[in-house]
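Any read-out appearing in this document is the output of simple, stated calculations on the displayed coordinates, not a laboratory observation. From a predicted model like this one, the values you see are computed outputs, not experimental measurements. Note: ideal-geometry Cβ built from the backbone for every residue, glycine included; neighbour counts use all protein chains shown.
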Amino acid sequence: MSDKVQFQTNIPIEIALKYGDGKEVSGQYGDQVMYTLTDDRVMYVPPIVKRRIEELGIGRGELFTLTKAEKKNGTRRMIEWLVAAGEREERATQITQELNGRQRRNGAAGEAVAGNGHARRPSASSDAKGFLVTGQGQFLLESLAAAVDAAATTERYATACGVELQFTSEDVREIGLRIFDMGAHT
């Protein structure tokens with residue numbers, strides 16, 4: 001069975017479709033569209049994502065960025081799916097910076113605050129981009145993002161307890177790599 005893409009909120013994922021269109025399915029989360037990706041993973045997304053992919057004219061094998069963005073409306077939290085075509089990398093970077101800025105402004109004690117460094121991504125011709133589309137590359141990105149979230153949440157908790165604590169970028173890197181190593185051995 002293929003690996004399933006796990007979308008974390010406010011973390012852009014760069015992907016490419018193996019086939020031009022998805023298969024409409026029903027499941028415990030209602031109507032969804034299943035896509036097979038070029039790295040043989042599958043993703044399940046709401047029908048609005050399919051419409052956005054069609055509107056942007058994203059075809060088979062074309063890299064694009066998909067973000068499951070969390071938006072606040074008063075005390076309600078809503079999910080908005082952001083789709084950015086590969087050539088529009090500046091727009092994807094802008095979306096990421098906007099999300100990171102909003103999360104930092106809206107972050108409250110106990111909430112994970114996104115700040116994962118995705119604002120500067122490799123250029124389209126970079127060999128690194130190919131790795132980021134693989135399951136392992138995606139898991140590395142998710143591991144590092146989780147480390148950022150864990151460090152930020154831990155710092156806020158320490159402050160609430162009257163303890164001064166500040167993680168360095170090296171600490172976050174080490175935490176992320178340990179998460180990645182633990183996942184690789186399971």
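Between Thr75 and Ser26, the contour length at 0.36 nm per residue exceeds the alpha carbon distance by 14.7 nm. Taking a Cβ cut-off of under 11 Å around Phe167, the surrounding Lys, Arg, Asp and Glu residues balance to a net charge of -3, with basic ones at +1 and acidic ones at -1. Once you order the gyration tensor axes a ≥ b ≥ c over the Cα atoms, which shape class does the range 7-86 get: rounded for a/c under 1.5, otherwise prolate or oblate by comparing a/b with b/c? Since a/c reaches 1.5 and a/b is larger than b/c, the shape of the range 7-86 is classed as prolate.
Partners of Lys50 within straight-line reach, counting lysines whose Cα lies under 21 Å from its Cα and excluding those fewer than 8 residues away in the same chain: Lys4, Lys18, Lys23, Lys68, Lys71. Sorting 165-174, 39-48 by their mean Cβ neighbour count within 10 Å, with the most densely packed peptide first, gives 39-48, 165-174. Based on Cα contacts under 8 Å between residues 6+ apart, the range 27-72 shows a relative contact order of 25 percent.
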